[in-house]
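K.L.:
Handing you a structure now.
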Amino acid sequence: MQTTQYVTEIIKELNRTADLLTNEEAEKLVDHVLKSKKIFVAGAGRSGFMAKSFAMRMMHMGLDTYVVGESVTPNLEEDDILIIGSGSGETKSLISMAEKAKNLGATVALVTIFPESTIGKIADISIKLPAKSKTETDSEFNTIQPMGSLFEQTLLLFFDAIILRVMEKKGLNSETMFGRHANLE
């Protein structure tokens, strides 16, 4: 297969995955993002990169957003939300974060392949992204891509869709957001 044919196949996989998403939990996440005092995001590996890009766009919208683990991240409090991106929902460090956030009275949201996972059981909001996990050998969501790529790409697109919905509800557009874009680059 040629490189550009792989791109076409990846897009087909993403379309299949997008068609299986449900709206109810996504809207619940949008509502919690809008009403939270501070928004914290977390994820490990490539899922963490997707979470960081999500935090960046929320900052562009003027929301008080932080990436867990960065040196400038403040304390999490009761009126805050922790949004975790984790394919398995079983990453030990993320389980600890979810438990601590829950004990502090914050809302915990998980975007995952497995809403019934350990973090899913802790979370107030669990959103299922239908994709193949890194370790599954047989899945209804087969992919030509390695490891968790389909989940990670779907996670990025899902987070971008959340951004668009929040922008819509806040009456924002790209032009209004550019005023918060980095200018020391």
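K.L.:
Could you please give the count of residues in the stretch 64-74 that are in a loop (DSSP other than H, G, I, E, B) and surrounded by 18 or more Cβ atoms within 10 Å (Cβ to Cβ)?
P.N.:
Within the stretch 64-74, the first condition is being in a loop (DSSP other than H, G, I, E, B), and the residues that meet it are 64, 68-74.
Within this subset, residues satisfying the condition of being surrounded by 18 or more Cβ atoms within 10 Å (Cβ to Cβ) are 68.
So the answer is 1.
K.L.:
Look at the stretch 90-129 and say how many of its residues are among the aliphatic types (A, V, I, L, M), outside any strand (DSSP E or B) and buried (at least 17 other Cβ atoms within 10 Å of the Cβ).
P.N.:
Step one: of the stretch 90-129, the residues among the aliphatic types (A, V, I, L, M) are 94-95, 97-98, 101, 104, 106, 108-111, 113, 119, 122-123, 125, 127, 129.
When the remaining residues are screened for being outside any strand (DSSP E or B), the result is 94-95, 97-98, 101, 104, 106, 113, 119, 122-123, 129.
Still in the list and also buried (at least 17 other Cβ atoms within 10 Å of the Cβ): 94-95, 97-98, 101, 106, 113, 119, 122-123, 129.
Residues meeting the conditions: 11.
K.L.:
Follow-up. All but one of (1) assigned to a loop (DSSP other than H, G, I, E, B); (2) modelled with pLDDT of 95 or more; (3) within 24 Å of THR8 (Cα to Cα) hold for MET147; which doesn't?
P.N.:
Among (1) assigned to a loop (DSSP other than H, G, I, E, B); (2) modelled with pLDDT of 95 or more; (3) within 24 Å of THR8 (Cα to Cα), MET147 violates only (2).
Yes/no per residue for (1) among the small types (Gly, Ala, Ser); (2) over 16 Å from LYS170 (Cβ atoms):
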residue: VAL33; (1), (2): no, no
residue: SER36; (1), (2): yes, no
residue: VAL41; (1), (2): no, yes
residue: ALA51; (1), (2): yes, yes
residue: MET59; (1), (2): no, no
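K.L.:
Here is a follow-up. If you take the residues in the stretch 33-45 that are on the phi < 0 side of the Ramachandran plot, surrounded by fewer than 19 Cβ atoms within 10 Å (Cβ to Cβ) and assigned to a helix (DSSP H, G or I), which one is farthest from the chain's Cα centre (by Cα)?
P.N.:
For the stretch 33-45, the residue satisfying everything is LYS35.
K.L.:
Output the qualifying pairs, or none if there are none: Cβ atoms under 7 angstrom, residues six or more apart or on different chains, first residue in the stretch 45-57 and under 14 Å from HIS181 (Cβ atoms), second residue among the aromatic types (Phe, Trp, Tyr) and modelled with pLDDT under 95.
P.N.:
No pair meets every condition.
K.L.:
Within the stretch 75-89, is there a residue that is at pLDDT below 95, surrounded by fewer than 22 Cβ atoms within 10 Å (Cβ to Cβ) and not small (Gly, Ala, Ser)?
P.N.:
no
The values are calculated or read from the model by the stated rules, or taken from the named source; none is laboratory data. Computed from a prediction, not measured in an experiment: that's the story for all the values here. Here the Cβ is made from the backbone with ideal geometry for all residues, glycine too, and neighbour counts use every protein chain on show.
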